[in-house]
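Please read the structure below before turning to the comments.
The values are calculated or read from the model by the stated rules, or taken from the named source; none is laboratory data. Small disclaimer: the values here were computed from a predicted structure and weren't measured. Cβ atoms come from the backbone with ideal geometry, glycine included; neighbour counts cover every protein chain shown.
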Amino acid sequence: MRNWLLPEFIEDVMPAEAGRIECLRRQLLDLFKVHGYQYVMPPTLEYVESLITGTGSKLDTATFKVVDQLTGRMMGLRADTTPQAARIDAHMLNHQGIARLCYAGTVLQTTPSGLARTREPFQVGAELFGHASVESDVEIQRLMIKALQAIGLDKLHVDFSHVGLFESLIEAGAIDAALEEALYGALLSKDKTLVADLAHGLDKTIQQALIDLTDLNGDVSVLVRAQAILPPLPNIQKALHELTVVADKLNHLNVQIGFDLSELRGYHYHSGLVFAAYAQSYSGPLALGGRYDEVGVAFGRARPATGFSLDLRGVVTALNAATLAKGILAPQGDDVTLQAAIEALRDMGEIVIQALPNDQTDLSELNCDRALEQQNGEWQVVSISNSKFN
C-alpha cells in the first residue's frame, strides 16, 4: 500500500498555486474590509443540524458526517460557510440592524464540483444580513463583480434569475410537492417538452407560464417579454421589478448582464434574486449568490439575507498557470552590511534566500533569477547569470 496517496479529488496545493491563492485571499479580504464587511472564522466542524437545517437536501448529501466521541451526536464538516455566517449573525452577533460579514477558508464536500474538480474548495464570500430590499442585493452583486475583477478576470457575464417567479406559479396553481419537484428538475434542465407534459392538466394560464419560462433567457429584453406574457401575479410583478432594478444599476460596471428565468439553482435554499458570474474562456460559474431570507428561521431568528461566494482555488486553477515569484540569492555570512541589505530588500517585498554553509541546492530549485553581491564596497543586485553563483 502506497501510504503517500491522497483520497480521490483531494490534492496538495503546491507552492506556486498556494502562493497565488494566499495573495488573492488577502487582496479580497482587504476589498471586503473597505466595504464594511467584518471577517469571521467559523469552525470547520460543528453539529450537523446547524450546518444543513433549512438549506435543502443537496447540502445534506454534500456534507461529510462523523460521530462526536464526547457526546455521541452527529457532527458535520462544513460544505458551505453561508449557513455558519447566518448562525453567527443570528446568535453570536445578534445585531438589530444591518450586519456585513465575510469569510475565507476551506470547505469539504462529499463529491467534487466546480472549476477545480476538488472535494476541498477554498471558499471566499460575503453576506449581508438585516436588509430586505433590492438595494442590498445590488450591493452584494457589485462587490462580487469587484472581487472577480480584482482577481484579474475581465469580460465578465452575470446571469440573473428570481425564484419568486416559479414559487408564484406553484402557489397559484396549488401544485403539490411531488409535481413541484418534478417541474423544478425539468426547468433546471431546460426540458421544455417535459415541462409541458408535467404541466398537462394544470390551469391553462399556469401551464403556459411554466412552459414560457424555458424560453425566457437572453438580454434585458427578456424582462419586457416576461412582463407581457407571464400572469400579473403580485409576486411575479415584484420579481420582475427587482430584476429590472438590477439591470439598471449594474449596466455601467463593464459587465455583460443576462437573464435566464428558468434557472432555479438553489431553489430550496434561496428566496429571491439568484445570480451566477461567468468569464470568457472559462467553463462553469466562477461565483454564485442570491437572497436566502428563510435560512435564519432555523436558528430562531429570521433575518433577510443576501450574499455570494466563490471557490478561490477553482478560480486560480481556471486562470493561467500560476508561477512562483522569482527571488534573490544572497551569500552566507553574518556581515552587518550584508544583513542590512537583505532586510532592506525584504522590506521592499523582494524574496531573498540566503545561502547556507555547504549548500549544494540546484539554482533552479531555489527559483532565484538574481543574486546579491558586493561590488565596489556596496551590496548590489545583479542577474544571476552574471554572478559567482552561476
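A single entry from 198, 183, 187 fulfils the requirement of being hydrophobic (A, V, I, L, M, F, W, C), modelled with pLDDT under 95, in contact with a Ser or Thr (Cβ under 9 Å, 6 or more places away or on another chain) and outside the structural domain of residue 306 (by TED's automatic domain parsing): 187. In the range 264-284, of all residues being touching a helix residue (DSSP H, G or I) at 6+ places or on another chain (Cβ under 8 Å) and modelled with pLDDT of 90 or more, the one that is nearest to residue 167 (Cα to Cα) corresponds to 272. The residues in the range 108-132 that are hydroxyl-bearing (Ser, Thr, Tyr), in contact with a Lys or Arg (Cβ under 8 Å, 6 or more places away or on another chain) and surrounded by fewer than 18 Cβ atoms within 10 Å (Cβ to Cβ) can be counted, and the count is 2. The set of residues in the range 353-368 that are assigned to a loop (DSSP other than H, G, I, E, B) and β-branched (Val, Ile, Thr) contains only 361.
Just a yes or no: is a residue in the range 99-107 surrounded by fewer than 21 Cβ atoms within 10 Å (Cβ to Cβ) and either of a type in the set (S, T, N, Q) or more than 15 Å from the chain's Cα centre (by Cα) (or both)? Checked against the condition, which is being surrounded by fewer than 21 Cβ atoms within 10 Å (Cβ to Cβ) and either of a type in the set (S, T, N, Q) or more than 15 Å from the chain's Cα centre (by Cα) (or both), the range 99-107 yields at least one hit. Determine, yes or no, whether residue 9 is in contact with a Ser or Thr (Cβ under 9 Å, 6 or more places away or on another chain) and closer than 30 Å to residue 302 by Cβ. Considered against the rule, which asks whether it is in contact with a Ser or Thr (Cβ under 9 Å, 6 or more places away or on another chain) and closer than 30 Å to residue 302 by Cβ, residue 9 comes out as no.
Taking only pairs six or more apart or across chains, which ones have beta-carbon atoms under 6 Å, a first residue in the range 87-108 that is without any contact (Cβ under 8 Å) to a residue 60 or more places away in the chain and in a helix (DSSP H, G or I), and a second residue that is surrounded by 14 or more Cβ atoms within 10 Å (Cβ to Cβ) and not acidic (Asp, Glu)? Between residues of the range 87-108 that are without any contact (Cβ under 8 Å) to a residue 60 or more places away in the chain and in a helix (DSSP H, G or I) and residues that are surrounded by 14 or more Cβ atoms within 10 Å (Cβ to Cβ) and not acidic (Asp, Glu), the close pairs are 88/40; 93/99.
Evaluated against (1) exposed (fewer than 15 other Cβ atoms within 10 Å of the Cβ); (2) of a type outside the set (Gly, Ala, Ser); (3) touching a strand residue (DSSP E or B) at 6+ places or on another chain (Cβ under 6 Å), residue 217 falls short on exactly one condition, (1). For the range 179-204, a tally of residues being under 31 Å from the mean Cα position of the chain (by Cα) and at negative phi returns 13. Specify which of the listed residues (341, 318, 287) is out of contact with any helix residue (DSSP H, G or I) (no Cβ under 9 Å at 6 or more places or on another chain) and in the same structural domain as residue 17 (by TED's automatic domain parsing). None of the others qualify; the one that does is 318. Annotation note: Cβ proximity below 7 Å between a residue of the range 226-243 that is under 14 Å from residue 134 (Cα atoms) and a residue that is of a type in the set (A, V, I, L, M) (sequence gap 6+ or interchain) occurs for 239/165; 240/223; 240/226; 242/134; 242/273; 243/223. With the structure loaded, tell me whether residue 372 is out of contact with any Lys or Arg (no Cβ under 7 Å at 6 or more places or on another chain), hydrophobic (A, V, I, L, M, F, W, C) and either surrounded by fewer than 17 Cβ atoms within 10 Å (Cβ to Cβ) or part of a strand (DSSP E or B) (or both) or whether it fails that test. Considered against the rule, which asks whether it is out of contact with any Lys or Arg (no Cβ under 7 Å at 6 or more places or on another chain), hydrophobic (A, V, I, L, M, F, W, C) and either surrounded by fewer than 17 Cβ atoms within 10 Å (Cβ to Cβ) or part of a strand (DSSP E or B) (or both), residue 372 comes out as yes. For the range 375-390, filtered to residues that are more than 17 Å from residue 326 (Cβ to Cβ) and either assigned to a loop (DSSP other than H, G, I, E, B) or among the hydrophobic types (A, V, I, L, M, F, W, C) (or both), the residue that is modelled with the highest pLDDT is 379. Just the residues that are outside any loop (DSSP other than H, G, I, E, B) and either in contact with a Ser or Thr (Cβ under 8 Å, 6 or more places away or on another chain) or among the acidic types (Asp, Glu) (or both), please, taken from the range 275-295. Once the filter is applied, which keeps residues that are outside any loop (DSSP other than H, G, I, E, B) and either in contact with a Ser or Thr (Cβ under 8 Å, 6 or more places away or on another chain) or among the acidic types (Asp, Glu) (or both), the range 275-295 yields 275, 287, 288, 289, 290, 291, 295.
Every test in (1) among the β-branched types (Val, Ile, Thr); (2) without any contact (Cβ under 8 Å) to a residue 40 or more places away in the chain; (3) touching a strand residue (DSSP E or B) at 6+ places or on another chain (Cβ under 6 Å) is passed by residue 170 save one, and that test is (3).
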